[in-house]
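Quick notes on the structure that follows.
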Amino acid sequence: MSPLLFTAMLAVAPAQADDALRVTIVSLLSGVEDPVRAEELRALPGDVGAELLALAGSGPSTATRERAAYALGWFPTEAHRSWLATTLADRTAPSGLRRNAAWALANGWGEGALDLLAPALADEDVQLRAQVARALARVGTPACRAAIEARLGVESNAMVRSTLNTALGVK
Amino acid sequence: MRALPFLALLLAGCPTKGDPAESLERVDLGSFTTDTGFGADVPVEVPEDAVSSLVYCGPYGYDTLATAEKVTAPDGSVVFDLTDPEATPFRIGVQDDFLPMLLPVSPDLPLVPGAYTWRVYVDSAAPVTISCGVMFRTSEPAAAQKVDVHLIFVGVEAESGLNATAADENAVLTAALERVDQLWSAAGLSIGTVTYEDFGGDVDTYNSVDGDREFGDLLRTANNDDAPVIPVFLVSAITDDDGATILGLAAGPPGAAATGGNSKGGAVVTVGSVVDGDSDTFARILAHELLHFMGLFHPIAKDGSETDPIGDTPSCTNDADGNGTYSSEECAGAGAENLMWWAASSSATDLTADQAWVVNRSGLAY
């Protein structure tokens, strides 16, 4: 099942509907230069994670969907991990959504998401490869560094090679 | 037809009547080395006919930050002191690599002729030598003015259909530019000549602008020969150092207007809303960033830590839920309707008379 369809199904479940909460979250996700911060979302009452999951799949704009996907990493449930993993692996999903899913997995599960992130280092999307390298560098464990080093050995794109090298110098 | 080949701007040569460059006067201020207090005093003689001055210093590298420490007016009064930065109606950012400093940024502190001293603080224990210059606008604003924009497409054709050839026929972009005119009409401003270019550099690197260094390096490629036009790079994504998405970003505020070839010489906007077919959102983001570049700040920062120097913009004080964020809902009727509000909500469309006063004195408006 595509992640978008899966989330659309969740979004229509009555128990998930919380219009006021969704309006607040969409507002927080709409900063021009200011991305939403974890503590802003965590301070909200209600099932913020469920709303973010719905917005990540069927939010009103590309930016909302991407930012909601990123924020799922701050609410690390198994359902969110599953959605993020499916999105990251879905080559038909928008590149920006996949990139934000990668960051969410890194932020939410750290090295525990390495099995999901490492394959994306070989994805055909060079922008995704670069963001996965940055995200793994942020996790910064020896295993994540090893994954970056391994990719550096075969990476042919100059920009991604540069990002991999920078990533190895981050931590 | 709105668009002209960008080359035409470059080949225009000497200023002609009606040329925005005609009212700009540039002075090379020379080089200055910071003292033991990490600062350097930069004297600026403001001519009688100047209505705005943009002092700029740099480059000093991405690893070094600088800002204005103190600004002294011709009568000896201190019109800005970093130790109490909101005590006077002046604002300045803390910038890496290149520091633009605009006066005025509020009608409550107009530019006057005479000798100013700008003390520039450079955060480096070792002495740093900076090169500085100033650009004066020497003509009073007309009742209606235009701002020229140069759009540079950075590998966004596949997702948005935008490139230099097709841009003029793109319905979303065309509608967005018309919407910017509507949004700016309260300030007597409109978009003037729009020129287009396909980015000729490293598209893989700059299609997604990741972090301050890439942002500055991309702006540095906009060598527009000091023409009074705002370069705007349209990209797929902008991310901060944590990988989080940013919708648009202007150098500054204020930006280094009409001083091409430096890291603070333009703006970057993502094309996500074009992909969505949402010309209104794209227009609000574009209009917001262009006005940042011309010297406007957010009425209040998202976390309430800073306010603009403008007297007639609402100052929201309502953080009802106490979460440290001044949300659009909490500040409805108290700033959230302003085009310079921190969030790109559909109701953020207003400009005040004082904001109009500032941007109409920009060297970019003619």
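The values are calculated or read from the model by the stated rules, or taken from the named source; none is laboratory data. Note that this is a predicted model, so its numbers are computed, not measured. Note that each Cβ is placed from the backbone with ideal geometry, even for glycine, and that neighbours are counted across all protein chains shown. For the accessible areas, the whole protein counts, side chains as well, though only heavy atoms, and no ligand, DNA or RNA atoms are used. Shrake-Rupley method; radii C 1.70, N 1.55, O 1.52, S 1.80 Å.
Quick notes on this structure:
- Elements of the type helices (runs of 4 or more DSSP H) sitting completely within segment B:138-225 and holding at least 3 residues that are crowded, with 21+ Cβ neighbours inside 10 Å and touching a helix residue (DSSP H, G or I) at 6+ places or on another chain (Cβ under 8 Å): these cover B:171-184.
- Screening A:Gly112 on (1) more than 13 Å from every other protein chain (Cβ to nearest Cβ); (2) surrounded by 20 or more Cβ atoms within 10 Å (Cβ to Cβ) shows it passes everything except condition (2).
- Residue within segment B:341-353 that is open to solvent by less than 40 Å² (accessible area, probe 1.4 Å), away from every other protein chain (no Cβ under 14 Å), within 18 Å of the chain's Cα centre (by Cα) and of a type outside the set (Asp, Glu) present: yes
Yes/no per residue for (1) under 21 Å from B:Ala251 (Cβ atoms); (2) open to solvent by 50 Å² or more (accessible area, probe 1.4 Å):
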site: B:Lys70; (1), (2): no, yes
site: B:Asp75; (1), (2): no, yes
site: B:Asp84; (1), (2): no, yes
site: B:Pro107; (1), (2): no, no
site: B:Val112; (1), (2): no, yes
site: B:Gly133; (1), (2): yes, no
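- Set A:Ala147, A:Ala133, A:Ala158, A:Ala118: member being farther than 30 Å from B:Asp276 by Cα and within 12 Å of chain B (Cβ to nearest Cβ): A:Ala158
- Of all the residues in segment A:59-103, those that are in a helix (DSSP H, G or I), within 24 Å of B:Asp241 (Cα to Cα) and either within 14 Å of chain B (Cβ to nearest Cβ) or more than 12 Å from the chain's Cα centre (by Cα) (or both) number 24.
- Qualifying residues in segment B:255-270 (those that are within 11 Å of chain A (Cβ to nearest Cβ) and out of contact with any Asp or Glu (no Cβ under 7 Å at 6 or more places or on another chain)) - the one nearest to B:Leu54 (Cα to Cα): B:Val268
- For B:Leu103, the requirement of being in contact with a strand residue (DSSP E or B) (Cβ under 6 Å, 6 or more places away or on another chain) and open to solvent by less than 60 Å² (accessible area, probe 1.4 Å) is met.
- Against the criterion of being out of contact with any Asp or Glu (no Cβ under 7 Å at 6 or more places or on another chain) and without any contact (Cβ under 8 Å) to a residue 24 or more places away in the chain, B:Asp97 does not qualify.
- A:Ala106 being assigned to a helix (DSSP H, G or I), surrounded by fewer than 24 Cβ atoms within 10 Å (Cβ to Cβ) and either away from every other protein chain (no Cβ under 14 Å) or among the aliphatic types (A, V, I, L, M) (or both): no
- Condition met for A:Asp123 (in a helix (DSSP H, G or I) and surrounded by fewer than 21 Cβ atoms within 10 Å (Cβ to Cβ)): no
- Residue within segment B:234-253 that is open to solvent by 20 Å² or more (accessible area, probe 1.4 Å), of a type outside the set (A, V, I, L, M) and in contact with a His (Cβ under 9 Å, 6 or more places away or on another chain) present: yes
- Pairing residues of segment B:259-286 that are farther than 14 Å from B:Val156 by Cα with residues that are acidic (Asp, Glu) and open to solvent by less than 10 Å² (accessible area, probe 1.4 Å), at Cβ distances under 9 Å and at least 6 apart in sequence or on separate chains, gives B:Asn262/B:Asp97; B:Ser263/B:Asp97; B:Lys264/B:Asp97; B:Ala267/B:Glu289.
- Every pair of residues 6+ apart whose Cβ atoms lie under 9 Å, when the first sits in segment A:123-152 and is without any contact (Cβ under 8 Å) to a residue 60 or more places away in the chain and closer than 24 Å to A:Pro94 by Cα while the second is open to solvent by less than 40 Å² (accessible area, probe 1.4 Å) and aromatic (Phe, Trp, Tyr): A:Gln131/A:Trp103; A:Val132/A:Trp103; A:Arg134/A:Trp103; A:Ala135/A:Trp103; A:Arg138/A:Trp103
- Scanning segment B:273-327 for residues that are hydrophobic (A, V, I, L, M, F, W, C), outside any helix (DSSP H, G or I) and more than 16 Å from A:Val32 (Cβ to Cβ), we see that the one that is modelled with the lowest pLDDT is B:Ala320.
- Within segment A:68-92, tally of residues that are closer than 24 Å to B:Phe282 by Cβ and open to solvent by 10 Å² or more (accessible area, probe 1.4 Å): 1
- In segment B:224-251, of all residues being within 8 Å of chain A (Cβ to nearest Cβ) and among the small types (Gly, Ala, Ser), the one that is farthest from B:Leu339 (Cα to Cα) corresponds to B:Gly243.
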